[in-house]
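The values are calculated or read from the model by the stated rules, or taken from the named source; none is laboratory data. Fair warning: this is a prediction, and the values are worked out from it, not measured in the lab. Cβ atoms come from the backbone with ideal geometry, glycine included; neighbour counts cover every protein chain shown. Note: areas computed on protein heavy atoms with side chains; ligands, DNA, RNA excluded. Shrake-Rupley method; radii C 1.70, N 1.55, O 1.52, S 1.80 Å.
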Amino acid sequence: MSQIDKILENLNAQQIQAVTTTEGYVRVIAGAGSGKTKALTARYAYLVEALGMNAANILCVTFTNKAANEMRNRVRRLVGDENDLGYITTYHGFCVKVLREDINKIQYPKQFVIMDVEDQKTILRDVYEELGLNSKDYSHKEAIKHIERLKDSTNYIDYIAKEKDSIAGSDGFLKNSKLLLDQVFLKYIEKQQRNFALDFNDLINFTVYIFNRYKDVLNKWQQRLYYIQVDETQDSSPIQFYLVDILSQIHRNLFVVGDPDQTIYEWRGAKPELLVDFDKNYPNTQRVIMNQNYRSTPNILNLGNYIIKNNKIRIDKDMFTANPNGEAEIVKVLLRP
């Protein structure tokens, strides 16, 4: 058996279509239990073995370190240990790689510090002391939420990277603000800068900021990444999706997979519309529907189909399975008014 046959072994027709459709813009709607991770990792291996791509030229982003580790392990079983699979990672993990290489463009050392929540609270304790505040005025949780809201855009990075009056300057952002939490924010980011420290939100923001202002850096990464795969696309936020969009603009090989019916991160900015409207925004998008379920019984699947048809932001699909029937009584109980 050839290596390519091994990669395609045990894939159904829909999965093979997803794996072998390598060029251009591709959207795969993968229902629950349809073998999404299997297809995604097989496609990565197919790019390496059938197309001869170097793994250093393929970016595959997902949402958790656990998912990224699982993908790397699966790909390694298909292509061996000699490939560097470091670009199978999370959005934030990829941004760390970019910043370790190019953050010096804004006068930060490449060995910058990555802060966790406890580091944030340490800085806030210093800020509170300087401003004469305590936790009765604002809890650290409230302050961190306010900081996160102000970091929804990259405007604050001008303040850090260039001129200190740009936030409170002519653009009016925080100009003469009397809100104490705004003062907390300004002192917080000043202390970050002095320690060359970035928090979780900064990782994507700084990367996008550098790409937007230093076209040579953006072009380098665009040229490097021939193929981009995005897992769980329905849970991408606008800035996350903007990142992969601009990175794909030279080679134009962007593969997105997900299921709007499984969105779980809208509370933190996910926009399932990015997946639903993908073919409207990218002409000549190739479409694949993976709707064969391998996990559930027909009774459970029929119930699931019945429920998800009420979702408003979705792409119509009817999941089916070759599995034997399960307990009908469970379905009757769940459907009972």
Scanning region 249-268 residue by residue, those open to solvent by less than 60 Å² (accessible area, probe 1.4 Å) and either under 24 Å from G33 (Cβ atoms) or without any contact (Cβ under 8 Å) to a residue 40 or more places away in the chain (or both) turn out to be H251, F255, V256, V257, G258, D259, P260, D261, T263, Y265
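Does any residue of region 67-89 turn out to be of a type in the set (G, A, S), on the phi > 0 side of the Ramachandran plot and in contact (Cβ under 8 Å) with a residue 40 or more places away in the chain? Don't jump to the end; show me each part of the working.
The first filter runs over region 67-89 and keeps only residues of a type in the set (G, A, S), leaving 67-68, 80, 86.
With the extra rule that they be on the phi > 0 side of the Ramachandran plot, the set shrinks to 80.
Now restrict to residues that are in contact (Cβ under 8 Å) with a residue 40 or more places away in the chain: none.
Checked region 67-89: no residue is of a type in the set (G, A, S), on the phi > 0 side of the Ramachandran plot and in contact (Cβ under 8 Å) with a residue 40 or more places away in the chain.
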Check N69 against each of (1) part of a helix (DSSP H, G or I); (2) buried (at least 24 other Cβ atoms within 10 Å of the Cβ) and name the one condition it does not meet. (2)
When region 269-292 is checked residue by residue, the ones that are in contact (Cβ under 8 Å) with a residue 40 or more places away in the chain, part of a helix (DSSP H, G or I) and surrounded by fewer than 18 Cβ atoms within 10 Å (Cβ to Cβ) are E273, D279
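A quick yes/no check of all residues on (1) closer than 22 Å to A322 by Cα; (2) among the aliphatic types (A, V, I, L, M); (3) in contact with a Pro (Cβ under 8 Å, 6 or more places away or on another chain):
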{"site": "P260", "(1), (2), (3)": "no, no, yes"}
{"site": "I264", "(1), (2), (3)": "no, yes, no"}
{"site": "A270", "(1), (2), (3)": "no, yes, no"}
{"site": "V276", "(1), (2), (3)": "no, yes, yes"}
{"site": "D279", "(1), (2), (3)": "no, no, no"}
{"site": "Y282", "(1), (2), (3)": "no, no, no"}
{"site": "T285", "(1), (2), (3)": "no, no, no"}
{"site": "I289", "(1), (2), (3)": "yes, yes, no"}
{"site": "Q292", "(1), (2), (3)": "yes, no, no"}
Single match in V96, V127, V79, V75 (criterion: farther than 23 Å from R194 by Cβ, modelled with pLDDT of 95 or more and either open to solvent by less than 70 Å² (accessible area, probe 1.4 Å) or of a type in the set (D, E) (or both)): V75
Across region 1-41, the tally of residues that are open to solvent by less than 20 Å² (accessible area, probe 1.4 Å), within 20 Å of the chain's Cα centre (by Cα) and closer than 15 Å to R72 by Cα stands at 3
Does region 1-57 hold any residues that are in contact with a strand residue (DSSP E or B) (Cβ under 8 Å, 6 or more places away or on another chain) and assigned to a helix (DSSP H, G or I), and which are they? Q14, Q15, Q17, A18, K36, A39, L40, R43, Y44, L47, V48, N57
Under 9 Å between Cβ atoms, which residue pairs at least 6 apart in sequence (or on different chains) link something in region 205-219 that is open to solvent by 10 Å² or more (accessible area, probe 1.4 Å) with a partner that is acidic (D, E) and modelled with pLDDT of 95 or more? Y214/D102
